[in-house]
């Protein structure tokens, strides 16, 4: 007998991927320019010139043997040291190379972290809307994902609901800010209140609750908004990061896990990450791209393109009568469905060749996600279809 659970996962793609595949088929049928695909969070901005230059230099001037060879399982020491120093300079932390574990992107970072922390029956609390794969990662690690609804209008944390959800099995709380799918950024007030609550709860029960921050969109913020860095507010915090979005390197799969050195048992946590990475086979992230992120530390793609897309789309959809949760970051827009069933709304949008992901799989019914990480031309071309969609509801 095969592992039936994994066979099922392999046979059924996520709703996001299903829609993406539908979009590819539809583009082949009627032309790519006639399909407005807002399904997948795939960066549309080119990599920074510094990235291309650094790659060429590494390949042309680097040692052709060591550059493509193994590093230490947790990543090259000099790369980990560079990541730690960058975080220390930006956020006044006191991390060392031995607080950093290099990974193949945020998905691997999360999977390793859950496998390091969780025992059978442990719970991880997260907040809706949330990235659907969290459930897959947590359950594979033997845990249970417990979902708490956010405040309806702001999508900040509903602390009354969170306090009710905390229990003896809670091992960790998982946050994602800027958020996928809403684009909402947690305010400093929200983060401070969350950390104070977890600190008090941990002391009360005599066991720590860990705070895991999933941060692939940290640099994608607009209008002067800042993202509070959780390590400045909570000692038992772990950051899972990816360069996929900030450097437009989604297909290269490079990221890291950072363990807060202020945690009393930080070395044990790090050892758990190394053990989980070993058990999962998530060791030695691609050496070439480890060296790349060291070489381009602090660089980002031109995120102004995303900000302009956001502004144009928010303004137009609001004008057409849609209710929009204006995002402060990431490259997603959460739009309230004009009818209770968001799947029915997404299906109707297909008639106008607009591909939207229903919010049900994100744990938030009645909304759709619009991934506006597309070219400005796609935004402009899609607006008449969005207007027609609104008119079909008589908005």
In segment 94-103, anything surrounded by fewer than 20 Cβ atoms within 10 Å (Cβ to Cβ) and either in contact with a strand residue (DSSP E or B) (Cβ under 7 Å, 6 or more places away or on another chain) or part of a loop (DSSP other than H, G, I, E, B) (or both) is listed as 94, 96
How many residues of segment 112-125 are surrounded by 24 or more Cβ atoms within 10 Å (Cβ to Cβ) and closer than 25 Å to residue 151 by Cα? The answer is 1
Looking across segment 241-258 at residues that are touching a helix residue (DSSP H, G or I) at 6+ places or on another chain (Cβ under 7 Å) and part of a loop (DSSP other than H, G, I, E, B), the single one that is surrounded by the fewest Cβ atoms within 10 Å (Cβ to Cβ) is 253
Within segment 210-225, of all residues that are part of a loop (DSSP other than H, G, I, E, B) and modelled with pLDDT of 95 or more, the one nearest to residue 311 (Cα to Cα) is 222
Out of (1) touching a helix residue (DSSP H, G or I) at 6+ places or on another chain (Cβ under 8 Å); (2) more than 21 Å from residue 360 (Cβ to Cβ), the one residue 145 does not meet is (2)
Boolean, residue 8 is assigned to a helix (DSSP H, G or I) and surrounded by 10 or more Cβ atoms within 10 Å (Cβ to Cβ)
no
### Query
Would you call residue 110 in a helix (DSSP H, G or I), touching a residue at least 40 places away in the same chain (Cβ under 8 Å) and in contact with a helix residue (DSSP H, G or I) (Cβ under 8 Å, 6 or more places away or on another chain)?
yes
Residue match in segment 264-276 (condition: touching a residue at least 24 places away in the same chain (Cβ under 8 Å), outside the structural domain of residue 242 (by TED's automatic domain parsing) and over 20 Å from residue 181 (Cβ atoms)): no
Only one of 26, 17 is assigned to a helix (DSSP H, G or I) and within 23 Å of the chain's Cα centre (by Cα), namely 17
For segment 263-279 the number of residues that are surrounded by 15 or more Cβ atoms within 10 Å (Cβ to Cβ) and either out of contact with any helix residue (DSSP H, G or I) (no Cβ under 7 Å at 6 or more places or on another chain) or outside any loop (DSSP other than H, G, I, E, B) (or both) is 8
When restricted to 18, 49, the only residue out of contact with any strand residue (DSSP E or B) (no Cβ under 6 Å at 6 or more places or on another chain) and farther than 24 Å from residue 304 by Cβ is 18
Scanning segment 280-294 for residues that are surrounded by fewer than 17 Cβ atoms within 10 Å (Cβ to Cβ) and assigned to a helix (DSSP H, G or I), the one nearest to the chain's Cα centre (by Cα) turns out to be 280
For the structure I just gave you, tell me whether residue 82 is in the same structural domain as residue 178 (by TED's automatic domain parsing), closer than 21 Å to residue 285 by Cβ and surrounded by fewer than 16 Cβ atoms within 10 Å (Cβ to Cβ). no
The residue that is surrounded by the most Cβ atoms within 10 Å (Cβ to Cβ), considering only those in segment 337-395 that are modelled with pLDDT under 95 and more than 26 Å from residue 156 (Cβ to Cβ), is 395
Q.
Given the condition in contact (Cβ under 8 Å) with a residue 12 or more places away in the chain, surrounded by 23 or more Cβ atoms within 10 Å (Cβ to Cβ) and within 25 Å of residue 314 (Cα to Cα), answer yes or no: does some residue in segment 185-192 qualify?
A. yes
Scanning segment 328-362 for residues that are in contact (Cβ under 8 Å) with a residue 40 or more places away in the chain, in a loop (DSSP other than H, G, I, E, B) and under 25 Å from residue 222 (Cβ atoms) gives 328, 330, 331, 356
By residue number, the members of segment 130-175 that are part of a loop (DSSP other than H, G, I, E, B) and either surrounded by fewer than 16 Cβ atoms within 10 Å (Cβ to Cβ) or outside the structural domain of residue 118 (by TED's automatic domain parsing) (or both) are 142, 151, 152, 153, 154, 167, 168, 169
Over segment 227-240, the set of residues touching a residue at least 60 places away in the same chain (Cβ under 8 Å), surrounded by fewer than 24 Cβ atoms within 10 Å (Cβ to Cβ) and in contact with a helix residue (DSSP H, G or I) (Cβ under 8 Å, 6 or more places away or on another chain) is 229, 232
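The values are calculated or read from the model by the stated rules, or taken from the named source; none is laboratory data. Everything quoted here is computed from the prediction, not taken from an experiment. We place every Cβ from the backbone using ideal geometry, glycine too, and count neighbours over all the protein chains shown.
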